[in-house]
Structure formats: structure tokens, C-alpha cells
Amino acid sequence: MGWRDRYGRWLQVIRLDFLGPVGRTAARHYGVWLIPALVLTDGHADLLERQVALMDPHAIAGRLDRILAGGTGGTGVSGMAG
């Protein structure tokens with residue numbers, strides 16, 4: 001099952017060029033200082049999760065499942081080495 005099949009009802013993927021003006025503004029707003037980065041927001045553009053560095057697709061799916069289940073407990077911010 002692909003991302004669109006699993007999360008398409010709740011998820012919209014937007015890719016930003018962090019070197020362009022819109023991407024730089026978004027990076028400052030969401031506190032992204034390194035790329036690659038994954039930023040998850042709600043429908044009001046409020047930060048739910050920010051991940052700096054590469055992430056395993058299964059870890060992303062787990063985080064999305066927790067957010068959709070209402071189990072975030074607030075803004076999560078983390079970084080992964082490697």
C-alpha cells in the first residue's frame with residue numbers, strides 16, 4: 001500500500017525548495033536549519049512534527065499514525081543522525 005492509498009484522505013505533500021524565497025520563509029517559520037527535513041502541520045499550518053535528517057519510511061508512517069490517532073501530545077521535534 002502506497003502513501004497516497006494509506007494517507008491520501010488526510011495528507012497533502014508539498015515539496016519546497018529551501019533555497020527559493022518561499023522555501024526560505026517556510027524554513028524560518030518552522031525552524032528548519034538543515035535539509036533534508038520533514039515538516040508535518042495541521043490544516044491551519046500549525047507545526048505538529050519536525051524531523052531534520054533522513055527518516056525511514058516506516059518511522060514516518062508510525063508518526064503519521066500517532067498524529068492521526070491524536071497521540072502527539074504537542075509538538076514533536078527531533079533529529080536523527082546518519
## Note on the structure
Relative contact order in percent for the range 3-79 (Cα pairs under 8 Å, 6+ apart) equals 21
#### Entry: Cβ-defined net charge surrounding residue 18, 14 Å radius [Lys, Arg +1; Asp, Glu -1]
+3
### Message
Please report the spacing between the Cα centers of the range 4-21 and the range 24-44 in Å, no decimals.
### Response
12
### Message
Give me a comma-separated list of calculated 3J(HN,Hα) values for the range 41-50, in order, Karplus coefficients 6.51, -1.76, 1.60 applied at θ = phi - 60°, integers in Hz, x for any Gly or Pro.
### Response
10, 8, x, 9, 6, 7, 5, 9, 7, 9
### Query
Which net charge results when you count Lys and Arg as +1 and Asp and Glu as -1 among the other residues whose beta-carbon is under 12 Å from that of residue 41?
-2
### Query
Hey, got the dipole for the range 3-79? About the Cα centre, +1 on K and R Cβ, -1 on D and E Cβ, debye to the nearest 20?
100
### Summary
Taking placed amide H atoms and a strict 5 Å upper bound, the residues 5 or more places from residue 53 or on another chain that come that close are 37, 38
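No value in this document is a laboratory result; all are computed from the given coordinates. Only a predicted model underlies this, so the values are computations on that prediction, with no experimental measurement involved. In this analysis, Cβ positions are derived from the backbone assuming ideal geometry, glycine residues included, and neighbour counts consider all displayed protein chains.
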